[in-house]
1. What do you get for Rg/Rh of segment B:4-103 when both radii come from the Cα atoms and Rh is the Kirkwood radius?
2. Among B:258-266, B:88-96, how do they line up from the highest to the lowest mean number of other beta-carbon atoms within 10 Å?
3. How many angstrom separate the Cα center of segment B:403-429 from the Cα center of segment B:163-228?
4. From the helices alone, meaning DSSP H stretches of at least four residues, give me the mean residue ellipticity at 222 nm for the protein assembly as shown, per-run term -39500 (n - 2.57), in deg cm²/dmol to the nearest 500.
5. Over the whole of B:351-359, what's the average partner chain Cβ count within 10 Å per residue? Rounded to a whole number, please.
6. What's the long-distance tail for segment B:61-193, i.e. % of Cα pairs beyond 24 Å?
7. Enter the per residue convex hull volume of segment A:2-85, computed from alpha-carbon coordinates, in Å³ rounded to the nearest integer.
8. Under a plain spin-label model, where a point goes 7 Å from the Cα along Cα-to-Cβ, how far apart in nm are residue A:92 and residue A:52?
């Protein structure tokens with residue numbers, strides 16, 4: 001079975017086959033036998049090359065939260081074949097979370113570079129800069145200063161400059 | 001002691017105060033907003049009342065609603081925690097006027113320390129060292145420009161009512177000054193409704209060292225030594241420790257005396273903190289926080305003194321029965337503040353439901369928390385959700401213990417700053433004690449979270465996707481008991497299986 005997960009903007013791909021002991025995992029060109037024991041809901045002990053590692057996983061069909069070796073990793077499921085599309089950055093800029101627009105620094109038709117700040121949204125006592133994802137032109141600003149916006153609302157659009 | 005105390009706060013600090021009340025046999029009364037109806041502090045308290053609303057303004061900052069509930073419930077005293085109404089002099093006054101006790105200093109002490117200019121003037125008079133600068137009445141731009149000549153460059157422009165970095169500018173040369181003054185004034189007027197500014201010599205590489213004080217209502221003020229809180233991100237403390245790595249016994253004693261003097265100069269009562277900047281062996285009064293501090297726990301860990309219980313005792317009229325001579329700093333304590341934020345995305349706050357919380361445990365590992373499995377972290381309140389506190393025999397022991405604890409802290413469902421905290425604690429400069437206010441910009445500027453997940457994490461995610469996966473051991477009914485043939489578990493299993501009932 002093929003599994004694709006996005007993490008930190010990169011897509012990781014592994015394939016699994018069931019065995020008596022657990023799984024054979026095909027990852028980065030190598031087949032690795034892995035013993036699997038479920039020790040509680042979402043808790044597994046994985047045996048790899050004689051060493052046992054405890055992993056904890058929770059989530060839904062889209063996002064998996066995994067605790068492993070002292071860190072939590074948020075892995076987003078990617079449908080097979082969608083990997084390339086997924087990496088394309090969108091010019092539709094969303095509010096990262098619910099908050100208030102406190103300053104708008106760009107206006108429509110402005111030419112912007114990658115990372116040029118477009119506006120500042122204040123939420124949870126902190127300021128968050130919304131930046132252009134790539135070099136291009138500001139297509140529209142969808143909010144006004146002082147406005148409250150919900151997380152996920154599109155606040156501005158940037159049109160990518162064709163190379 | 002009081003019989004009924006209302007806790008005007010939420011989150012980890014409300015939980016901390018409710019615990020202290022319950023241990024003292026005091027009936028605790030919680031208040032909460034609509035979103036917090038099932039929050040840990042509400043479920044823990046002996047009694048809870050709704051303020052309604054969601055935003056802080058509609059709930060935990062609504063002093064009229066809070067006072068209304070206090071009166072209806074026969075509250076004798078109100079503990080404000082930190083943040084929210086804790087440094088609101090008008091609220092403290094209203095509590096006093098309503099015949100109840102505000103667990104904190106008298107309202108006039110809050111007022112004096114709320115104005116940074118007034119605080120500095122009082123401290124100068126009391127003989128407490130302050131950072132050289134100008135904190136006088138002349139407020140016109142050209143007057144301040146003239147004063148800046150005497151202060152010298154680089155200097156800081158600060159707002160008298162300021163806090164959290166607002167209304168603050170670093171000025172390196174004279175030609176930047178006018179812009180800085182105007183900008184700081186605008187910011188301060190809009191944030192605090194007060195544009196009064198002052199000038200201060202800029203310290204290049206300072207440390208933030210503060211002294212905990214306790215003052216009773218019978219004229220006694222003592223201190224409980226220092227906390228070093230130099231590791232800050234955007235003016236927010238994130239790692240604190242005690243003792244400080246740089247203080248000599250002489251400076252520690254001198255700063256302790258200065259803090260006691262500072263508290264006495266404003267007629268301070270109850271627990272408070274005098275903050276200093278320290279550089280090259282010199283220390284200067286920065287401000288006084290007239291409330292319980294977030295980081296009070298590390299002082300508790302090295303002194304064995306329960307500061308929150310003493311707050312309740314002092315407010316109810318008890319005399320201090322401890323003093324600085326008999327209290328000792330034993331070992332070394334560190335606190336890490338756990339924030340619900342995404343260190344991979346410029347630390348934006350992360351809201352969501354905590355699907356699972358499994359905490360590190362062991363000797364001298366403490367977790368002060370306002371969250372549990374199933375808690376929702378909302379975007380309405382401060383993203384600091386918990387504090388992890390450890391102490392060890394010495395600093396090295398405490399650092400190792402904190403690294404271990406962070407590595408075994410499982411919080412699933414939201415993003416946290418734990419990877420960033422680990423990187424700080426593991427940094428050689430932290431271990432060496434080069435923990436100045438510039439630490440983050442000097443050593444952590446290029447830090448990036450791990451870019452690649454370990455293969456085991458990907459396998460776990462794949463297993464979650466293949467739900468219904470039953471492990472081979474479980475299907476055959478074999479349960480591994482390890483290799484010890486004399487394990488009591490083996491005996492227990494056979495006894496159980498032969499026993500029947």
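Coordinate-derived values only; no laboratory data. Since we're looking at a predicted model, the values are computed, not measured. Quick reminder, even Gly has a Cβ in these numbers, built from the backbone with ideal geometry, and neighbours come from all protein chains shown.
1. Values: Rg = 11.9 Å, Rh = 13.0 Å.
Ratio value, two decimals: 0.92.
2. The packing order, highest mean first, is B:258-266, B:88-96.
3. Their Cα centres are 30 Å away from one another.
4. Values: 18 runs with 175 residues, N = 664.
Computed ellipticity for the protein assembly as shown at 222 nm equals -7500 deg cm²/dmol.
5. 3
6. Details: 3868 of 8778 pairs.
Percent of Cα pairs beyond 24 Å in segment B:61-193: 44.
7. Numbers: hull volume 9.1 nm³, N = 84.
Taking the convex hull of the Cα positions in segment A:2-85, it is 108 Å³ per residue.
8. 4.8
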